[in-house]
1. Considering the range 1-49 alone, what residues qualify as being over 14 Å from the mean Cα position of the chain (by Cα), at pLDDT 90 or above and over 26 Å from residue 103 (Cα atoms)?
2. Can you name every residue in the range 6-28 that is in contact (Cβ under 8 Å) with a residue 12 or more places away in the chain and either in a loop (DSSP other than H, G, I, E, B) or among the β-branched types (Val, Ile, Thr) (or both)?
3. Mind counting the residues in the range 76-126 that are under 16 Å from the mean Cα position of the chain (by Cα) and either at pLDDT 90 or above or farther than 19 Å from residue 12 by Cα (or both)?
4. For residue 60, work out the one condition from (1) of a type in the set (D, E, K, R); (2) surrounded by fewer than 17 Cβ atoms within 10 Å (Cβ to Cβ); (3) in a helix (DSSP H, G or I) it doesn't fulfil.
5. Cβ contacts < 7 Å: first residue within 19 Å of residue 24 (Cβ to Cβ), restricted to the range 82-109; second residue polar (S, T, N, Q) and at pLDDT 90 or above, any location; separation 6+ or different chain. Result?
Amino acid sequence: MSFFVVAVAALLALLTVLLHRRLAVAPGWPTPARRSVAVVLTIGWAATLAAFAVQAGVIDPRGSRWLAWAGMTWLALSWYLLLGVLVLGIIALATRLAGRPQARRAVLRTGTPLVVLLALGTTAFRNDVAQLARS
């Protein structure tokens, strides 16, 4: 296994941990919700690694194109989620610096589902546009 593969896997794992902290822990969701988010993020991380393996030729692409599609779509979704949580983090920091900790929690609890919905919508829209351009 090359150093590049290990570096990419570690970078994606770091992204997954960061997203878990921002999407599940910071808003203060209950433990079952945190675990659900962790499971979804872990499955997405594994799908992205499998997609890279399909592209590298380690996995035969004939029977696993769906896996590559799911992994690359998850990668796009996770980048949109990262952008969203960065914006949400800046807003939460501003409310914290303003001395309003309760408003910070409200911003995170309201903004986190909004960020997830916007990221899902953007990913779905971009995927539909790409498919329409090919047809």
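The values are calculated or read from the model by the stated rules, or taken from the named source; none is laboratory data. Predicted, not measured: the structure shown is a model, and the values here were computed from it. Neighbour counts run over all protein chains shown; Cβ positions are idealised from the backbone, glycine included.
1. 10
2. Start the filter on the range 6-28 by keeping residues that are in contact (Cβ under 8 Å) with a residue 12 or more places away in the chain, which leaves 8-9, 12-13, 15-16, 18-20, 22-24, 26-28.
Correct list: 8, 16, 26, 27, 28.
3. At the first step, the residues of the range 76-126 found to be under 16 Å from the mean Cα position of the chain (by Cα) are 76-89, 111-124, 126.
Narrowing further to those that are either at pLDDT 90 or above or farther than 19 Å from residue 12 by Cα (or both): 76-89, 111-122, 124, 126.
So the answer is 28.
4. (3)
5. 88/112; 104/95; 107/95
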